[in-house]
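Below is one structure, written out as structure tokens, with a few remarks after it.
The values are calculated or read from the model by the stated rules, or taken from the named source; none is laboratory data. It should be emphasised that the depicted structure is a prediction, and the values quoted were computed from it without experimental measurement. Ideal geometry is used to build each Cβ from the backbone, glycine not excepted, and the neighbour counts take in all protein chains shown.
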Amino acid sequence: MPSIRSNIVVFNLITKRSFSTSYIKKMSFVEKVRLLDYWKVQDSALQSEFPRSRLVLMVDRRLLVTKDAPEVRMVEHSYGDLKQLLGEYGLQFDLSNSCLLDALEADTDMIPLFGTSIEAADPPEDSPISKKDVLRQLGNSLGGSFTDIRMAMLTMKEERQRNLLAKFQSLTKWAATYRRCPKCAAALKMRTSKSGAECVTCQRVYYPTFSPVSITLITDPTNEHALLVRHRGSAGGVFTAVAGFAHTGESMAECARREIAEEVGIEVDSIRSLDMSQPWPMPDSSLMIAHVAVANMDQKISVCPDELETAQWFSRHQVRQALETTLSDPFLKNLPRTLDDRQTLHYIPPAGAIAHQMIRQWVDGKINCHSSRM
């Protein structure tokens, strides 16, 4: 990581340069990253940029997204517009409930993109207007609608949008939780960017944490069948790949092998990384890391009842049908209602989930596990 001094030098070089449209278009990735790194640690510099920034919004942990658009995307507003529109509803935001997400190209320079998360007060008990109605009206006035964060992650097609949302939710939750130093219990001073917090007594600096998770697609030796699982509490008829958190001292391949044994009670013969990953912010900040494994179908499946409802082998044809159903109904509006039908493969996770990409590649014949052994 560059030193703060080097970041300041880079920042000064950038800000003193005469910005033109042609230069902005040529700004390198390295310059952008170093500017972001400077903003992360220099509170005063980032605070001065806040009135020029653009923002995306969560209210009551529901994300403002485009309404009736071909693709689900976060709605951006300028600082001034958002302040005015929220003010009309008696809502306010500031740097305390905002986090730095990215740097955006403006007409003449780079400006920050913030995520701001606020809570809306409940209407009086005798009010004829419900909070749901107020949020619907607020969403309309802001040019969008509020949606569940999980559904937004699952239905956003653009990877950058999903990753920014994961960062937004993870930093917001971390900053709200991390208030005291784990070593001496003194107060922590949170950075404006929410990228770190320093103990006011022992000066230790703490950074947002995340947990690595293995997610593994299990196939049979012929590569014509896949073992998919249904998690407890998940939507009816939706099957996915086996996933679980890595333990201290494990490699990701060891994590995948152990999770398969724990969740479905079988042993795998080989495990291979798929060179795919995805940040996932629910319930806590995770990094999903994709693998594929091979197991013999004659092994008895024994699901962990605390985690799963069922696990079954499916043919490529069956999985393809579920994929097609999911693509035609990405918001899962036609989920099965009966108990028996809930245990039947109807859907896989929507396109925003890494499990969807893994399963889709396997259906299309692009994943084969016979390249290496653990």
Item to check | Qualifying residue in the stretch 276-289 (condition: at pLDDT below 95, assigned by TED's automatic domain parsing to the domain that holds A226, farther than 17 Å from H225 by Cβ and aliphatic (A, V, I, L, M)) | outcome: yes
Next on the checklist: Every residue in the stretch 271-304 that is farther than 15 Å from A241 by Cβ and touching a residue at least 60 places away in the same chain (Cβ under 8 Å), please.
Outcome noted: P279, P281, M282, D284, S285, L287, N296, M297
Item to check | Within the stretch 318-341, considering residues that are loosely packed, with under 14 Cβ neighbours inside 10 Å and of a type in the set (D, E), the one nearest to G365 (Cα to Cα) | outcome: E324
Checklist entry - Of all residues in the stretch 328-349, how many are more than 13 Å from F239 (Cβ to Cβ) and under 27 Å from the mean Cα position of the chain (by Cα)? => result 6
Next on the checklist: For the stretch 222-260, which positions are of a type in the set (D, E) and touching a helix residue (DSSP H, G or I) at 6+ places or on another chain (Cβ under 6 Å)?
Outcome noted: E224
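Can you pull out every residue in the stretch 114-134 that is of a type in the set (A, V, I, L, M) and more than 30 Å from R191 (Cβ to Cβ)?
I129, V134
Listed here are the residues, each with its yes/no results for (1) within 18 Å of A355 (Cβ to Cβ); (2) more than 28 Å from the chain's Cα centre (by Cα); (3) at pLDDT below 95.
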site	(1), (2), (3)
E259	yes, no, no
E263	yes, no, no
V268	yes, yes, no
L274	yes, no, no
K300	no, yes, no
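Conditions tested, residue by residue: (1) under 26 Å from P208 (Cβ atoms); (2) more than 28 Å from the chain's Cα centre (by Cα); (3) crowded, with 20+ Cβ neighbours inside 10 Å.
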{"position": "A256", "(1), (2), (3)": "yes, no, yes"}
{"position": "W280", "(1), (2), (3)": "yes, no, yes"}
{"position": "P283", "(1), (2), (3)": "yes, no, no"}
{"position": "I289", "(1), (2), (3)": "yes, no, yes"}
{"position": "V303", "(1), (2), (3)": "no, no, no"}
{"position": "R316", "(1), (2), (3)": "no, yes, no"}
Next on the checklist: Could you check the stretch 95-133 and list, in sequence order, the residues that are over 17 Å from W39 (Cβ atoms), outside any strand (DSSP E or B) and under 26 Å from the mean Cα position of the chain (by Cα)?
Outcome noted: N97, E119, A120, K132
Next on the checklist: Can you report the number of residues in the stretch 218-248 which are within 25 Å of the chain's Cα centre (by Cα) and in a loop (DSSP other than H, G, I, E, B)?
Outcome noted: 11
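Condition check ((1) within 14 Å of G139 (Cβ to Cβ); (2) touching a Phe, Trp or Tyr at 6+ places or on another chain (Cβ under 9 Å)) across all residues:
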residue: R34; (1), (2): no, yes
residue: W39; (1), (2): no, yes
residue: D43; (1), (2): no, no
residue: L55; (1), (2): no, yes
residue: R62; (1), (2): yes, yes
residue: V65; (1), (2): yes, yes
residue: D68; (1), (2): yes, no
residue: H77; (1), (2): yes, no
Next on the checklist: Can you find, within the stretch 204-213, the residue that is surrounded by the most Cβ atoms within 10 Å (Cβ to Cβ) among those that are within 15 Å of P279 (Cβ to Cβ) and in contact with a strand residue (DSSP E or B) (Cβ under 6 Å, 6 or more places away or on another chain)?
Outcome noted: V213
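Every residue, every condition in (1) out of contact with any Leu (no Cβ under 8 Å at 6 or more places or on another chain); (2) exposed (fewer than 12 other Cβ atoms within 10 Å of the Cβ); (3) closer than 30 Å to V30 by Cβ; (4) free of Cβ contacts under 8 Å to residues at least 60 places away in the same chain, yes or no:
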{"residue": "L55", "(1), (2), (3), (4)": "no, no, yes, no"}
{"residue": "T66", "(1), (2), (3), (4)": "yes, no, no, no"}
{"residue": "P124", "(1), (2), (3), (4)": "yes, yes, no, yes"}
{"residue": "L135", "(1), (2), (3), (4)": "yes, no, no, no"}
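Does any residue of the stretch 277-288 turn out to be over 30 Å from A176 (Cα atoms) and of a type in the set (G, A, S)? So that I can check it myself, show each step before the final result.
Here is the first cut: in the stretch 277-288, the residues over 30 Å from A176 (Cα atoms) are none.
No - not one qualifying residue is present in the stretch 277-288.
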Item to check | Enumeration of residues in the stretch 308-324 that are closer than 19 Å to H231 by Cα, out of contact with any Leu (no Cβ under 8 Å at 6 or more places or on another chain) and in a helix (DSSP H, G or I) | outcome: L323
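Residue-wise test of (1) farther than 27 Å from A197 by Cα; (2) of a type outside the set (K, R); (3) in the same structural domain as R191 (by TED's automatic domain parsing); (4) in contact with an Asp or Glu (Cβ under 9 Å, 6 or more places away or on another chain).
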site: L86; (1), (2), (3), (4): yes, yes, no, no
site: Y89; (1), (2), (3), (4): yes, yes, no, no
site: Q92; (1), (2), (3), (4): no, yes, no, no
site: A103; (1), (2), (3), (4): no, yes, no, no
site: M110; (1), (2), (3), (4): no, yes, no, yes
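One line per residue, one yes/no per condition, for (1) in a loop (DSSP other than H, G, I, E, B); (2) of a type in the set (G, A, S); (3) within 23 Å of the chain's Cα centre (by Cα):
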| site | (1), (2), (3) |
| --- | --- |
| N163 | no, no, yes |
| K167 | no, no, yes |
| K173 | no, no, yes |
| A176 | no, yes, yes |
| C184 | yes, no, no |
| K189 | no, no, no |
| K194 | yes, no, yes |
Item to check | Flag if F239 is of a type in the set (F, W, Y), touching a residue at least 40 places away in the same chain (Cβ under 8 Å) and touching a Gly at 6+ places or on another chain (Cβ under 8 Å) | outcome: no
